[in-house]
1. Can you give the accessible area of residue 153 in Å² (nearest 10), computed on protein heavy atoms with a 1.4 Å probe?
2. Please determine, in degrees from 0 to 90 and to the nearest 10, the orientation of helix 135-151 with respect to the longest principal axis defined by the Cα atoms of the chain, where the helix direction is its Cα long axis.
3. If every alpha-carbon in the range 192-241 counts as one equal scatterer, what log10 I(q)/I(0) does Debye give at q = 0.13, 0.24, 0.29, 0.31 1/Å?
4. Using every pair of alpha-carbon atoms in the range 601-743, split the distances into 5 Å bins beginning at 0 and state the percent of pairs per bin, rounded to integers.
5. Could you tell me, in Å, what Rg and Dmax come out for the Cα atoms of the range 213-341?
6. So how tilted is helix 22-34 from the main axis of the chain? Cα-based, degrees 0 to 90, rounded to 10.
7. Would you mind telling me the share, in percent, of accessible area of the chain contributed by carbon and sulfur at probe 1.4 angstrom?
8. Please calculate the 1.4 Å probe accessible area of residue 120, with all protein chains present, and give it to the nearest 10 Å².
Amino acid sequence: MAKHKPDLVACIIQEVADTENALVQSDLIDGVLAMPADVSAQLAEKLTKWVESPYLLLPEKLGQLIAHLSKGGKTDEALMIARVLLDVLPDARRTNQDAEGGDRLPPEPRARLDYWHYEKILKDHYPELVRAAGLPALEVLCDLLEKAILLSRTREDDHGPEDYSFVWRPVIEQHEQNLGHTIKDALVSGVRNAAEITVRYRKATIEEVVDALERKRWKVFRRIALHVLRVFADQALPLIATRLTDRNLFDDVGALDEYILLTQACFSRLTEKDQAKILGWIEAGPDIERFKERQQGDNGSPPSDEEVTRYLEVWQRDRLARIRPENLPGEWQERYRELVGKYGEPDHVEFLVHRKGCWVGPTSPKTAEDLKAMSVAGIVEFLKAWTPLESFFGEPSPEGLGRVLSSVVTEEPERFASEAARFQGLDPTYVRAFLSGLRESLKHQRTIDWRPVLDLCQWVLTQPRKIEGRQVVRMEADPDWGWTRKAIADLLSAGFGDGPGSIPIHLREKVWHILKPLTEDPDPTPEHEERYGGSNMDPATLSINTTRGEAMHAVVRYALWVRRHMEGQADAEDQPRRGFDEMPEVREVLDAHLDVAQEPSLAIRAVYGQWFPWLVLLDSKWARDNAARIFPIGQGEEALLEAAWNSYVTFCRPYDNVLDILREQYRHAAERIGCRRDDTRWLANPDERLAEHLMVFYWRGKLSLEDPLLTAFWENATDALRGPALGYVGHALEQTSGEIPAEVLERLTQLWAVRLAWAKQSQSPTDLVKEMAAFGWWFVSDKFDVGWAIAQLSESLQLVHQTDLDHMVLEHLARTVESHPVESAQCLRIIAEGDREGWTLSAGRDHVRRILEVALRNPTAGEEAERIIHYLGSRGFLEFRNLLEGERRG
């Protein structure tokens, strides 16, 4: 009947009591789908409630409903349902985490529906909404992806931009290498497709789409933007030139794939000036002086001229290979051929850019279904007997077979763990894959029989690390037992968590006998750190990618695991006081690796910094006694200090008890703002993280305005750092639900008063733009008295003529105009005058109209509103003229 009497059926459905009966819902949605979209739209709110049901069983039909409404032009209703249906929810396993819970595995966001349906809706139905709505539909998916990334973070204060997307989403375009099958992965594909559709159907310009993507702070959005620019290169050459000539992107390993693809597609279309800029970076080469310093530090003597030349020229060869020889100017093509003739072709693994139809990785002679059908004994016999053919890219290899084995072990860990002994004697490639599969299973809250697994690990450690005479093609099989040892460290780290698969405490002694030798593993060697550290990878990241580094992380997790089990004992109250006296084996290892003569590695020193609050938790006396060794302030120890301090301030939240121990290190960092070495690529700007720590300590009352730490910070920080510092405060306010204590608000208003007074006295307006613009965050937080907040916004705007979050500021001004029409109109005028390109005014048209409408009705603010309308008209925003006509008619 819905086809014949849609209005009547809609009324009946509207009157039907809400139900969680899936059969009833299914029938009713069938009726809604049979109605015209304008009638279906009347039921959007009711249907949204069904979407929120914990027993959601109709995802496919709801996806069809989104498409149905979109085709009928009811995009607002379709967007409302889509936001709820595709919402990203916290990991159900995740509990509130404090310092003591730092050893838990990273959370994995989830959705209301299973992955298959989630991905299907994004592929089959959501594109209709994008074709109808354009940018708003793209922005919904961007918001969901951003939420998914935030819910994946292990630290609440991790605000990006590094998201490690190059790990969990290696390739932005659709490709076999993207094997994540997570909500984040599906959303990346959804955002990518929506961006392409928006441009292709001319719902927005390429500039607007790229701007929408790059406004998000996480790196994956920048990668998607690079992909979209390549797809629509003919429409975007100016944008492409700007990004290809961005030195940060040129050096960014995390966006390497997309940057290389864009370079290869468009380098030849750049102007000679832009080409020369990129080639100039290659000509200049890497930081040779830093290379010399490191080599001298490792070997005791400076490198020879021949070693320096080789380092420079290999680096240049590799960068030229990324552009492709055929895209290079003639003289550079010859240069590349000379370098290849001298040093050989670049490593294909680094420069193989993943494209459809290309070989992308090792393949397997058996599928996962094949292995699942076999017994464990049968699988082991096959692994022993199977011999790969002569190695060609794309041919089945041990590595490919190992990856399939690992996926099967992940799904059935209990079956494999109990028979771990069968894997003794196998190729290290397969043993590593087996252990990696078990580790992955722990993320999914599976349980395993640990004793036979630990026996296998113990057997691995009895094998000589190097295998004499072994020769394998890179990425076809493991070169030795080194990677398996790293897999053991990873597995133990996961096993020390508090999930159902946690290692039983009665195996403590056995576990330590395995873990201790791994802390003495030679990986990373000084040569490894030289090659992969510095501008390629920061020490903290390097630590989790090396055996000894991951083992040291596991040592701290081991200590937390032991402490957690001891807390259940009768004398648990004495545990904090006894500290490492209860686990002397941990203290012995930690002390040994603080000896620079024994352990010069920056990656290992970074482990101490990253875990310092937890070391304080485990044994505060040991942490206090060793703080100066972990964070040494002295001549010749800058590298060690940076490795530990930058890792600490980047990864750790600000804890009051840690400030009491590290006050001297905080002071030193504040005094040396901007002095850190430029050759290391940190996951976040350590100076910005320092600023965030200091703002939190001030917020809590741990620091006063006159405290030397804050004084040193404000004296040494540039505007580029002061702005994020105050912006962080506003962001924290905006993210805090409920009332802020009056004493905190009073401290913050005092802080702003001091900074505003300083800005008014400044003789250089360019030195305060970011700091004053940051008040936009404070204003939109809605935590302060409205009169005070709008007065401060006006003061900051008069000084710098711009504000952060300008669109949200306009939205808030549209509300404050009722109670403060004059001030709201004045702020709008300054924002409009400062918006030279008109993007803010265009995006906030509705808010601008609201402000002007209300202001025109006010006798005091009316003249100001008229002036603004005339000014906007002179800028081409003519749609506000009818407000004056309505005023005259009134």
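The values are calculated or read from the model by the stated rules, or taken from the named source; none is laboratory data. All of these numbers come straight from a predicted model, not from anything done at the bench. In this analysis, Cβ positions are derived from the backbone assuming ideal geometry, glycine residues included, and neighbour counts consider all displayed protein chains. What goes into the accessible areas is simple: the full protein's heavy atoms, side chains included, and nothing from ligands, DNA or RNA. Shrake-Rupley method; radii C 1.70, N 1.55, O 1.52, S 1.80 Å.
1. Around 40 Å² of this residue is reachable by solvent.
2. 40 degrees
3. -0.24, -0.83, -1.19, -1.32
4. Bins of 5 Å from zero give 2, 9, 19, 23, 20, 15, 8, 3, 1, 0 percent of pairs.
5. 16.7, 55
6. Approximately 50 degrees, to the nearest 10.
7. Within the chain, the accessible surface is 49 percent carbon and sulfur.
8. Residue 120 has an accessible surface of roughly 50 Å² with all protein chains in place.
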